[in-house]
Structure formats: structure tokens, C-alpha cells
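Visitor: This is the structure I want to talk about, given as C-alpha cells.
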Amino acid sequence: MRDAGTETNEAEGSVPSRPRREARETGRLGREIYKRDIRERVEPEHVGEYVAIDVDSGCWALGESAMAARKRLVELRPEAVNVLRERIGYVAVGSIGGGAPRRMDWSKE
């Protein structure tokens with residue numbers, strides 16, 4: 001777990017506050033963690049479910065929806081601020097109009 005740069009907010013209790021990353025950096029780190037540590041453990045058995053990844057610690061949680069995955073992650077890691085949510089087996093979390101395109105070749109990327 002990476003604790004460098006954390007601060008404790010005395011007014012809110014002892015939960016450390018982490019600096020918020022730029023969205024692109026959170027996305028890049030989260031996808032890297034997903035490919036390296038999570039993908040083989042969840043695909044293809046959990047296709048269509050969601051994973052929330054705390055990019056600072058590498059901790060992650062599954063859920064039936066993006067919000068459910070995020071809620072479960074926060075239960076495990078209340079200090080999680082930099083979180084990426086991904087839909088397992090899809091190239092996008094969702095889409096407008098049609099269905100989100102699925103990733104068919106599990107060995108690529």
C-alpha cells in the first residue's frame with residue numbers, strides 16, 4: 001500500500017485524505033492495474049459485472065453495477081479517492097443508443 005503524501009484530517013476523524021489525481025492519470029493507472037493484476041482473475045466468468053479499482057493501493061471490488069462496485073470498494077478502503085470503474089469484458093463502461101462493444105478476444109491487450 002502506498003501511503004506517501006497522505007494527510008490526516010483531524011476534523012473528519014482519522015481517515016487519511018489522498019491527493020486527487022487527474023482523471024487521465026487515474027484511468028491510465030487503473031487500466032494498468034486491471035491488465036496486470038485483475039483481468040485474469042475475473043474474465044470471462046464475470047463478464048458484464050463492474051470492477052472498481054483504487055489506483056493508489058491496488059485494492060479492488062466487484063459489483064453488479066458501477067455504483068455497487070464503488071460502494072463495496074469504499075467499504076473496504078474508506079480512503080479510496082482515485083478510483084477507476086470498468087465493465088468487465090467490455091471496451092467501455094456503457095454507451096448511448098446501442099450496446100457497449102464487448103472485447104471478444106480475451107488474450108489481447
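The values are calculated or read from the model by the stated rules, or taken from the named source; none is laboratory data. On a predicted model such as this, the values are computed, not experimentally measured, just so you know. No Cβ is skipped: glycine too gets one built from the backbone with ideal geometry, and neighbour counts run over all protein chains shown.
Visitor: Just the residues that are in a loop (DSSP other than H, G, I, E, B) and among the charged types (D, E, K, R), please, taken from segment 58-75.
Guide: Applying the first criterion (in a loop (DSSP other than H, G, I, E, B)) to segment 58-75 yields 58-59, 64-65.
The answer is 64, and nothing else.
Visitor: Would you call residue 74 surrounded by 14 or more Cβ atoms within 10 Å (Cβ to Cβ) and free of Cβ contacts under 8 Å to residues at least 12 places away in the same chain?
Guide: Values: surrounded by 14 or more Cβ atoms within 10 Å (Cβ to Cβ): yes; free of Cβ contacts under 8 Å to residues at least 12 places away in the same chain: yes.
Considered against the rule, which asks whether it is surrounded by 14 or more Cβ atoms within 10 Å (Cβ to Cβ) and free of Cβ contacts under 8 Å to residues at least 12 places away in the same chain, residue 74 comes out as yes.
Visitor: Filter segment 45-69 down to the residues that are surrounded by 20 or more Cβ atoms within 10 Å (Cβ to Cβ) and not β-branched (Val, Ile, Thr) and list them by number. Working first, answer last.
Guide: Filtering segment 45-69 for residues surrounded by 20 or more Cβ atoms within 10 Å (Cβ to Cβ) gives 50-56, 60-61, 69.
Across segment 45-69, the qualifying residues are 50, 52, 54, 56, 60, 61, 69.
Visitor: Based on this model, can you work out whether residue 89 counts as modelled with pLDDT of 95 or more and either touching a helix residue (DSSP H, G or I) at 6+ places or on another chain (Cβ under 7 Å) or not charged (D, E, K, R) (or both)?
Guide: On the way: modelled with pLDDT of 95 or more: no; either touching a helix residue (DSSP H, G or I) at 6+ places or on another chain (Cβ under 7 Å) or not charged (D, E, K, R) (or both): yes.
Against the criterion (modelled with pLDDT of 95 or more and either touching a helix residue (DSSP H, G or I) at 6+ places or on another chain (Cβ under 7 Å) or not charged (D, E, K, R) (or both)), residue 89 does not qualify.
Every residue, every condition in (1) aromatic (Phe, Trp, Tyr); (2) within 9 Å of the chain's Cα centre (by Cα); (3) modelled with pLDDT under 95; (4) outside any loop (DSSP other than H, G, I, E, B), yes or no:
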| position | (1), (2), (3), (4) |
| --- | --- |
| 13 | no, no, yes, no |
| 25 | no, no, no, yes |
| 28 | no, no, no, yes |
| 32 | no, no, no, yes |
| 44 | no, no, yes, no |
| 47 | no, no, yes, no |
| 56 | no, no, no, no |
| 99 | no, no, yes, no |
